[in-house]
Structures are given as structure tokens and as C-alpha cells.
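The values are calculated or read from the model by the stated rules, or taken from the named source; none is laboratory data. Note that this is a predicted model, so its numbers are computed, not measured. Every residue, glycine as well, gets a Cβ built from its backbone with ideal geometry; the counts of neighbours run over all protein chains shown. The protein model used for the area step is the full one, side chains on, heavy atoms only, and it has no ligands, DNA or RNA in it. Shrake-Rupley method; radii C 1.70, N 1.55, O 1.52, S 1.80 Å.
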Amino acid sequence: MKITLLQQDISWGNPETNVRNAEQAMEACPGSDVYVLPEMFSTGFCTQPEGLAEPADSDTLRWMRRYAAGHDCAVAGSVAVQECGKYYNRFYFVSPDGAVRSYDKKHLFTYGGEHYRFTAGRERVVVEFRGVRILLQICYDLRFPVWARNRKDYDVALYVASWPTPRVEAWLALLRARAIENQCYVAGVNRVGTDPSCEYCGGTLVIDPYGRTVAACEQGRVDAVTVEVDMDSLAEFRRKFPVLDDADDFTLNI
């Protein structure tokens, strides 16, 4: 499976511009099975969603479905959503057949006040697409390894983020840790540029189960990178070195 990660500079509160820029970037990387955009890619990360959040059946989601169907691929990324009087940071995974799977961010960023207006999700979501099982995660989730613990139910952990520059070393270290401890590929997609609160320098990359960087975007600029997930080598590594067999048993109360 080919996965393209898109490191975007997001125009604050401007879905039309952001979708247009995303589509142009995707068109420049043809032939991927999955295209992944950052957290809240249509508006920029917000903790005050009034006037920015989109309805569940938004123009952005309809664009994702059209692009996926027209290019025989999946399109993934998070969007600020208003639904039934509540706000969600929702990670959409849209397949070419029109199917939409979604994950609502579990760990809201209390340091930035996200928990005041957004509602936390309660369901851990794994999507299977073209023979690869993909765990959907959003930004701050990265700091909570129990939520991402591999129960032998996924092959790729996919993190979309708006992770600011002052903490980028934590971003890079934690992505590597999640790959090693869960014997999986980890793909982290972060943005660049600025918004009213923060500066972002990227750090978009793919890490293999050994903790090695497979590919990375150039720091600090709009960029994209495409990788092929090698499922045969992953299966062989897990067979030879069955770390997951020795994992602690636990029950997660949500």
C-alpha cells in the first residue's frame, strides 16, 4: 500500500483555500492508495469552534468523497465538526466506494482549552483498507500510549496533528516510541506555518517497527512524502520477534 502524507500550511478559517491547496498537493503525488492531511486541515486548529466548525455533512467531507471516488484512493484527515449541538475533532477516513469511517479525538488538549467546547470521543477506531489495518489517532492522543496499545489489531498507527514548534522534539520521540512498542508502522502528519496562537514546523514522517525513519518531509515548508508499507516484512518481523505476545493484559475503562 502506498501512503502519501501531506504537510500543509493551513490558511486560518478558510476551507475553500485549504481544500484547493490540498487537492493541488495530492494531484502532484498521483497513484497513492491513501492521502493523509493534518489535524483540522480545512480551518486550522481551533479551541473556539463557533463560526469555524463545519456541519457533519460539510462541503469538505463531500470533497473528500468526490476525490476518493475519482482517484480510486482513500482520503483522510481531521475536521472540526458541529453535530447535534456538540463539537467534535473528527478524523475522517473516506474510501473510494463512498464509505466514511470516523474517529472523534479521545484526548482533548486541555492545556489549550479544547475540552471546554469539544466533546471527547469514546471509541477506538481501526480501519481496514486494501489489506492494511490502520489505527486512527489525533495529535494529543500521541502522549497516551495505553490508548494506542496494539492488541494485534492494527498494522499502521496514523497520527494527524497541529503540533507546535516548541514541542516538536516530543512529537518526534513519541512517534518513534509508538512504532517500537507496538511493532507497527507509524505515520505522523503535522502542519507548517502559523495560526493566531502558534507556529508549526512540520515533522511529518513515517517510522518503521524498528524505530527507523523510512521517509520524512522537509522541516518548515509545505511538502509531501509517499511511502510503501511493506506488510510482508512487518509480518516476518512480528513472527521472528513476537513482542506483542508478551504484552501486559489490561482492561481500559472509558
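With a 1.4 Å probe and all protein chains left in place, how much accessible area per residue does the range 9-57 have, in Å²?
41 Å²
Of 203, 85, 121, which is the most mobile in a GNM of the chain whose springs link Cα atoms less than 10 angstrom apart?
With Cα springs under 10 Å in the chain, the top fluctuation among 203, 85, 121 is at 85.
Determine the per residue accessible area of the range 89-170 with all protein chains present and a 1.4 angstrom probe, expressed in square angstrom.
I get 40 Å² per residue for the range 89-170.
To the nearest 0.05, how large is the calculated FRET efficiency for residue 212 and residue 147 if R₀ is 35 Å and r is the Cβ-Cβ distance?
Plugging the Cβ-Cβ distance into 1/(1 + (r/R0)^6) gives 0.90.
Please give the length that would be gained between residue 17 and residue 48 if that part of the chain were fully extended, namely 0.36 nm times their separation in residues minus their C-alpha to C-alpha distance (nm, one decimal).
Gain in length upon complete extension: 9.1 nm.
At a 1.4 Å probe, what is the % contribution of carbon and sulfur to the accessible area of the range 208-254?
Percent of accessible area from carbon and sulfur atoms in the range 208-254: 46.
Grab the eigenvalues of the alpha-carbon gyration tensor for the range 82-146, scale each by 5, take roots, and send me the semi-axes largest first in whole angstrom.
23, 16, 8
Could you tell me the center-to-center distance, by alpha carbons, between the range 99-121 and the range 144-177 in angstrom?
16 Å
Report Rg(Cα)/(2.2 N^0.38 Å) for the chain, keeping two decimals.
Here the answer is 0.94, to two decimals.
Using the beta-carbon distance between residue 128 and residue 167 and R0 = 45 Å, what value does 1/(1 + (r/R0)^6) give for FRET efficiency, to the nearest 0.05?
With R0 = 45 Å, the Cβ-Cβ based efficiency is 0.90.
Starting from the 7 Å offset along Cα-to-Cβ, what nm value, one decimal, do you get for the label separation of residue 251 and residue 228?
Taking the simple label geometry, residue 251 and residue 228 are separated by 4.5 nm.
Rank by packing, highest mean first: peptides 223-235, 90-102, with packing defined as the count of other Cβ atoms within 10 Å averaged across residues.
Ranked by mean Cβ neighbours within 10 Å, highest first: 90-102, 223-235.
May I ask you to list the aspartates and glutamates whose Cα is less than 19 Å away from that of residue 240, ignoring any residue fewer than eight positions away on the same chain?
Reachable aspartates and glutamates: 153, 155, 181, 208, 230, 232.
Once you put a point 7 Å from the Cα of residue 100 and another 7 Å from the Cα of residue 71, both along the Cβ direction, what distance in nm separates them?
Distance between the two pseudo-spin positions: 1.9 nm.
Straight distance only, please: which lysines reach the Cα of residue 106 with their own Cα at less than 28 Å, same-chain residues fewer than 8 apart left out?
Counting by Cα, and skipping residues close in sequence, residue 106 has these lysines nearby: 2, 86, 152.
Semi-axes, largest first, in whole Å: what does sqrt of 5 times each Cα gyration tensor eigenvalue give for the range 191-254?
Output for the range 191-254: semi-axes of 32, 20, 8 Å.
Roughly speaking, what % of Cα-Cα pairs in the range 1-152 are separated by over 26 Å, rounded to a whole number?
21 percent
Take residue 239, project a point 7 Å from its Cα along the Cβ direction, then tell me which residues of the range 155-181 have their backbone nitrogen under 19 Å from it.
Hits in the range 155-181 for residue 239 at 19 Å: 155-156.
What does the extension gain come out to for residue 219 and residue 199, with contour length at 0.36 nm per residue minus their alpha carbon separation?
5.9 nm
Mind pulling the per residue volume of the convex hull built on the Cα atoms of the range 113-242? Å³ is fine.
Per-residue hull volume (Cα only) is 115 Å³.
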